[in-house]
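Trainee: Quick one: this structure, given as C-alpha cells, is what I'll be asking you about.
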Amino acid sequence: MHNTVKNLIYIEDLIKSKVNDDRVPKIIAVSKTFPIENILPLIEHGQLHYGENKVQEALDKWTEVKKHNNTIKLHLIGGLQTNKVKFALRIFDYIHSLDNEKLAKKISDEQIKQNKKPKIFIQINIGNEDQKSGLKKEKLNDFYKFCKNLNLDIVGTMCIPPNNEKTENYFSEMKEINEGLNFKDLSMGMSKDYLDAVKNNATYVRIGSKIFGSRD
C-alpha cells in the first residue's frame with residue numbers, strides 16, 4: 001500500500017474516533033504542487049476530494065483525469081482573481097475563497113455562460129488579520145444576501161485562523177457563525193489543527209502535508 005494511502009486511512013480513522021458517524025467530515029487532500037503521479041494512488045484508493053490553489057496548475061494536472069473519473073471533486077482553496085474565473089469554473093467544483101462583491105458578480109456572470117454552478121464557501125477573516133484575505137464577520141449577512149441575489153450556490157463559510165494558541169476559539173466562533181445562517185457546510189482545519197476543526201463541526205478539512213509529506 002502506498003504511503004499516501006496509509007496516511008489517509010490513518011487520518012480517516014483518527015477523525016472517526018472523535019465524531020459520530022453522522023457527521024464525519026470529508027477530507028480534501030491538498031494536492032497543490034504535487035505531480036499527478038503522487039496523487040494517483042489516492043485516486044485508485046477511492047479518495048474523491050482534492051485541493052488546488054492555482055487555476056492553471058489545476059487545469060494542467062486534472063483536466064484529463066476528470067474526463068475519465070467524473071466523481072472526483074476539485075476544490076479551489078487559494079485566492080481567485082476575477083480574470084481567472086472563467087478558467088476556474090471549467091475545472092473546479094468548489095470555490096473556498098469568495099470574499100468580495102466584484103468576484104461574486106464575475107462568478108455569477110460566468111456560471112450563466114458556462115451553465116455550471118460551483119458550490120461556494122465565503123471566506124471569513126476570523127482573526128481580523130490585515131495580511132489575510134477574507135470577509136469581516138460583521139459584513140457576512142449583507143454579503144450573503146448579495147450572493148443569493150446573484151444566484152450563487154453558497155454552501156457555507158471557510159476560514160484560515162491566526163497561527164496562535166487560540167485556534168480552537170476561532171473554530172468555535174466559526175461554528176456559531178455558520179449555524180447562525182443555517183449553512184450546511186463549514187471548511188476549516190488543516191494538517192496541524194484539523195482535529196480541533198472536527199470538534200467544531202467542520203464538514204470539510206483541508207489536509208496536505210499529513211497525507212503527501214512536506215513540500216519542497
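Trainee: Can you pull out the residues in region 27-48 that are in a strand (DSSP E or B) and either in contact with an Asp or Glu (Cβ under 9 Å, 6 or more places away or on another chain) or small (Gly, Ala, Ser) (or both)?
Mentor: Within region 27-48, Ile27, Ala29, Val30 qualify.
Trainee: Which ones in region 138-165 are of a type outside the set (Asp, Glu) and under 17 Å from Ala197 (Cβ atoms)?
Mentor: If the condition is that a residue be of a type outside the set (Asp, Glu) and under 17 Å from Ala197 (Cβ atoms), then Val155, Gly156, Thr157, Met158, Cys159, Ile160, Pro161, Pro162, Asn163, Asn164 are the ones that fit.
Trainee: Would you mind stating whether Lys6 is modelled with pLDDT of 95 or more and either under 15 Å from Ile95 (Cα atoms) or surrounded by 15 or more Cβ atoms within 10 Å (Cβ to Cβ) (or both)?
Mentor: no
Trainee: Continuing with this model, one more query. Out of region 171-216, which residues are buried (at least 18 other Cβ atoms within 10 Å of the Cβ), hydroxyl-bearing (Ser, Thr, Tyr) and either assigned to a helix (DSSP H, G or I) or over 13 Å from the mean Cα position of the chain (by Cα) (or both)?
Mentor: Tyr194
Trainee: Within region 10-62, count every residue that is under 19 Å from the mean Cα position of the chain (by Cα), surrounded by fewer than 13 Cβ atoms within 10 Å (Cβ to Cβ) and at pLDDT 95 or above.
Mentor: Within region 10-62, residues that are under 19 Å from the mean Cα position of the chain (by Cα), surrounded by fewer than 13 Cβ atoms within 10 Å (Cβ to Cβ) and at pLDDT 95 or above number 2.
Trainee: Of the conditions (1) within 19 Å of Asn53 (Cβ to Cβ); (2) of a type in the set (Asp, Glu); (3) in contact (Cβ under 8 Å) with a residue 40 or more places away in the chain, Glu101 satisfies every one except a single condition; which number is it?
Mentor: (1)
Trainee: So which of Glu64, Glu138 is of a type outside the set (S, T, N, Q), under 25 Å from Phe34 (Cβ atoms), without any contact (Cβ under 8 Å) to a residue 24 or more places away in the chain and not in a loop (DSSP other than H, G, I, E, B)?
Mentor: Going through Glu64, Glu138 in turn, the sole match is Glu64.
Trainee: Has region 39-53 got any residue that is closer than 18 Å to Ser187 by Cβ and of a type in the set (Phe, Trp, Tyr)?
Mentor: Yes, region 39-53 contains a residue that is closer than 18 Å to Ser187 by Cβ and of a type in the set (Phe, Trp, Tyr).
Trainee: Report, by residue number, each residue of region 115-135 that is modelled with pLDDT of 95 or more, of a type in the set (D, E, K, R) and part of a loop (DSSP other than H, G, I, E, B).
Mentor: Of everything in region 115-135, those that are modelled with pLDDT of 95 or more, of a type in the set (D, E, K, R) and part of a loop (DSSP other than H, G, I, E, B) turn out to be Lys116, Lys117.
The values are calculated or read from the model by the stated rules, or taken from the named source; none is laboratory data. Keep in mind that this is a model prediction, so the values were computed, not measured. So basically every Cβ, Gly included, is an ideal-geometry build from the backbone, and we count neighbours across all protein chains shown.
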